[in-house]
1. At 7 Å along the Cα-to-beta-carbon direction for both residue A:214 and residue A:240, put a label point, then send me their distance in nm to one decimal.
2. Less than 16 Å apart at the alpha-carbon level, and either on another chain or at least 8 residues along: which lysines does that give for residue A:257?
3. In a solvent-free Debye calculation with one equal scatterer on each Cα, what is log10 I(q)/I(0) for the protein assembly as shown at q = 0.06, 0.08, 0.11 Å⁻¹, listed in the order of the q values?
4. Applying 1/(1 + (r/R0)^6) with R0 = 56 Å to the Cβ-Cβ distance of residue A:336 and residue B:131, what FRET efficiency is obtained, to the nearest 0.05?
5. Between residue A:49 and residues 5 or more places away or on another chain, which pairs have amide H atoms under 5 Å apart, with H built 1.01 Å from N, and which residues are they?
6. Using the Karplus equation 6.51 cos²θ - 1.76 cosθ + 1.60 (θ = phi - 60°), what ³J(HN,Hα) coupling, rounded to whole Hz, does each residue of segment B:82-87 give in order, writing x for Gly and Pro?
7. May I ask you to evaluate 6.51 cos²θ - 1.76 cosθ + 1.60, the Karplus curve with θ = phi - 60°, for each residue of segment A:187-200 and list the ³J(HN,Hα) values in order in whole Hz, giving x for glycine and proline?
8. Mind sorting B:80, A:119, B:141 by how few other Cβ atoms lie within 10 Å of their own Cβ, fewest first?
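Just so you know, all these numbers are worked out from the coordinates, no wet-lab data involved. Source: prediction; values computed, not measured. Neighbour counts are summed over all protein chains in view; Cβ atoms, including those assigned to glycine, are modelled from backbone coordinates with ideal geometry.
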Amino acid sequence: MRKSIFNVTEIFFCLCLLLVPLPSFAYDLGDYLSINGFLSQGYIHSSDNNIFGESKDGSFQLNEFALTLNSTPMEKLRLSLQLLSRDLGKEGDNDILIDWAMADYRLTDSFGVRLGKVKLPVGLYNQHRDSDFLRPMAFLPQSVYTENKRTMHVGAWGGSIYGNISLGHAGDLDYQAYYGKVDFRDDSGQAVGMESLIKKTSMQQGWGPVTSFDSENEYVTGGSLIYNLPVDGLRLGFSYFTGKSEFDFTAGGFDGKASGNSKDFVVFSLEYTGPNWTFASEYTEFTGDRKVASIDVYDGRSQGGYVQLCYHLHESVAVSVLYDVVYADKDDRDGDRLEASGLPDYFGWRKDFGTAIRWDITDRWMVRAEYHNIDGAGLGLSIYNSPSVPDRYWDYYVLKTSYNF
Amino acid sequence: MFKTRYLLLLFLSLTLAQESLAADYILVVNKENPVHTLDSEMVKKIFLGKRNFWEDGHRIEVFLQPENELHEKFIKDVLKKSTRQFKMYWRRELYSGTGLPPQKLEDDAKIKEAVASDPRAIGYIAADSFDDSVKWVRITKETN
């Protein structure tokens, strides 16, 4: 488990980015530097169950602050960096982290290379998931963009290739492929979830209390294809992600290893944007593939998807509706296997009906309100409610404001 | 036979010119740029950052108008988007680290000045602001 916010390699890379001289080239725009950013603050209140943190009492631990720097020192080279500070209940704590930091060298329209910390293209929206301004609702649909797996899926130190391929009358294709390594934080959903599983297994096996826990990602790799059809506003997507993480722990006198492989995470996407509305739908499958010491944990293959419609009543006012569903095991949608193991069957699903209204007061300032009614406690809800057992039916609402510059 | 063909070409050219004038905006590039026409699909890709290079390999430098009627009309006619959708598109590129929005300049004069001084540049101005400091590029219907 990493103790510091930045390691030496990261600091060196960022210093290189910031200290690269900005020479004058034949064209005066070679030293173009832009500074942008956004800040948001929200309030979340839930009934019956906590989500992300202590939300049953209402919580202001819901914010994002980012500073984005871009520079183009050479015609085909762009250097960019985004620093992000966020708080989402138990995760984030407003530490300043590198969201991405990369050198982007675009050789041609159909081929470019990015090196550094790159954002990962999962589904249609993962790469810009942190900017509240860009989301129709305060959270992206959790079946695909699960907050407690965000650290694993959001970005990795490594590299990617990308480009746009014209298909003539048939439209065009955006592709990306990447390989890298993810930073784990103590408070990330994956680390908290895995530590909780190891504690539970240790208790069942009689190893004793867990006294040390350390996590490290081995690699993540994957890619995405987005097909922009010749019909204006229509695009289809497919993305694939797979990764492997290892965890060392000591329980009593027993030194053990655990692994959690985010295996074969696939997302199929469809988005159609009309003059005043956007319809989006994505379908996903995912395998946790976890192991504690020599004990295989039965995770099954999760399945989920959503439909979302965002309609602009006015240029500055939009309403959205969402139906988002996820099953922990697609072969056990009713949760019979969980029930047989002594857990409530509703831990096996989460069905979320959400509705939201958003008002862009100015070009830079936005406020939103939304409500979610939920059946089920899937997606690791128990880690926010332990030692209590989460209820089946619950709801939450969010009020949020954002500013971007 | 040949005369008929030339007359038809002349008619088509005049029609295209009329269309551009009627649209109030015109597309302009640097006078050194060999391009005379661009099909509407290519213009759309250039302004959405999907086409980034001229045929000689130099990067295309795109300039935008402020959010005025001309901008709204250009974005709607050529990019088939509303001003809000266009803005959100570039914000997505910016905050995902995948692209940098084009520079926005104050008015036609600034765009002409920027385009005149940069062989890679492209922008759009009001038709009645056109002068010989820049080159007018006709927007044609998609050909490829």
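1. That separation, rounded to one decimal, is 3.4 nm.
2. A:199, A:200, A:244, A:291
3. Cα-only, vacuum Debye calculation for the protein assembly as shown: -0.34, -0.58, -1.02.
4. Details: r = 77 Å, r/R0 = 1.37.
Rounded to the nearest 0.05, the efficiency is 0.15.
5. Correct list: A:395.
6. Working through the residues one at a time gives 7, 4, 4, 5, 5, 5 Hz.
7. Ordered by residue, 3J(HN,Hα) equals 9, 6, x, 5, 5, 5, x, 5, 4, 5, 5, 5, 4, 5 Hz.
8. Values: B:80 15, A:119 26, B:141 9.
Taking fewest neighbouring Cβ atoms as first place, the list is B:141, B:80, A:119.
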